[in-house]
Amino acid sequence: MIEVDGVTGFRDVGGTPTADGAIRRGRLFRSGHLGGLRPRGAQTLRPLVRRVVDLRSDEEVADDAGALIGAETVRLPLYLGSPRSFFLEDLDLGEIYSRLLTESSAPLVAAVRVIASGAPTLVHCTAGKDRTGMVVALALAAVDADREAVVADYALTASLIPAAHRRATSERLTKKYPASRHAWMLATESPPEVMRAALSAVDEQWGSAAGYLRHHGLTPGELAALREALVDTAPATAPATAPAHHSSPRHPVSQGAVS
């Protein structure tokens, strides 16, 4: 964890083990949205991030725009339509991730393509959980990152949303969508078994995460560039450690929406 004033869950996925090394540090970051980014937080981010991938909808951006001056922002909305439909249809997280994989393949691939460019990149959505989790998991799995380490990084996300906000969001959504059995989970939880199952489904249908990305338009050259951008095959020396404390965001989760 790296403390960024006004941003929830900012972290570097560098150091994740891969089949032939480890993910490079300082290359791929993830977080919740930047709508509450404060000047001190911006000072922390500017030396680290050159490109930002914002996966939120137009509606979400209008509510909490957020921007990092000095970094290029690439907007790639992943959800088709409003996230409210997930509550109205009473979808669970697994069903939402399945829809992302089948209905949002183009922006998923586009997001991975940005990461493959090699510039230090921050990927975020609203809470930094579902859309961000899927993009980061696909990128890491495509370069043979350790599966359980990828799942553990996803599962960490919920614990980085302050407990009071998780509780308030869950209560608000349960009241707003009383017929939804899954409302409490959609905006606040990141169960490891859900991401594990999603990646297993990718393996079953497309052979691997790399196979999924190739099937949906990422070229062999771009996959090679992704590996070059993310994987450090040099023997590890002393592992770097980031400050182990949480940030204090102004708006950790906008509107209580699915992330």
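Derivation of every value follows stated rules applied to the coordinates shown; laboratory data play no part. For clarity, every value in this text was computed on a predicted model and none was experimentally measured. Every residue, glycine among them, receives a Cβ derived from its backbone with ideal geometry; neighbour counts consider all protein chains shown.
Counting only Cβ charges, +1 for Lys and Arg and -1 for Asp and Glu, the dipole size of the range 15-68 around its Cα centre is about 560 debye.
Dipole of the range 1-77 computed with +1 at Lys/Arg Cβ and -1 at Asp/Glu Cβ about the Cα centre; of LEU76, VAL7, LEU48, farthest Cα towards the positive end is LEU48. Tally Lys and Arg at +1 and Asp and Glu at -1 over the other residues with C-beta under 12 Å from the C-beta of THR132: what net charge comes out? Computed value for this residue: +2.
Restricting attention to the chain, close to 35% of DSSP beta bridges with both partner residues there are antiparallel. Taking amide H positions as modeled 1.01 Å from N, with prolines and chain starts lacking one, the residues under 5 Å from ARG56 and 5 or more places away or on another chain are LEU76. Computed over the range 11-232, relative contact order equals 28 percent, with contacts defined as Cα pairs under 8 Å that lie 6+ residues apart. Counting every C-alpha pair in the range 1-135, the share spaced more than 26 angstrom apart comes to 22%. The reciprocal of the average 1/r between distinct C-alpha atoms defines the Kirkwood hydrodynamic radius, which for the chain equals 18.2 Å.
Peptide packing: for 61-68, 207-214, the average count of neighbouring Cβ atoms within 10 Å per residue gives the ranking 207-214, 61-68, highest mean first.
The magnitude of the dipole of the chain, with charges of +1 and -1 set on the Cβ of Lys/Arg and Asp/Glu and taken from the Cα centre, is near 680 debye. Here the dipole of the range 55-171 is about 220 debye; that uses its Cα centre as origin and unit charges on the Cβ of Lys and Arg (positive) and Asp and Glu (negative). Across the options GLY217, SER200, TYR177, the greatest Cα extent toward the positive end of the charge dipole of the range 132-226 (unit charges at beta carbon of Lys, Arg, Asp, Glu) belongs to TYR177.
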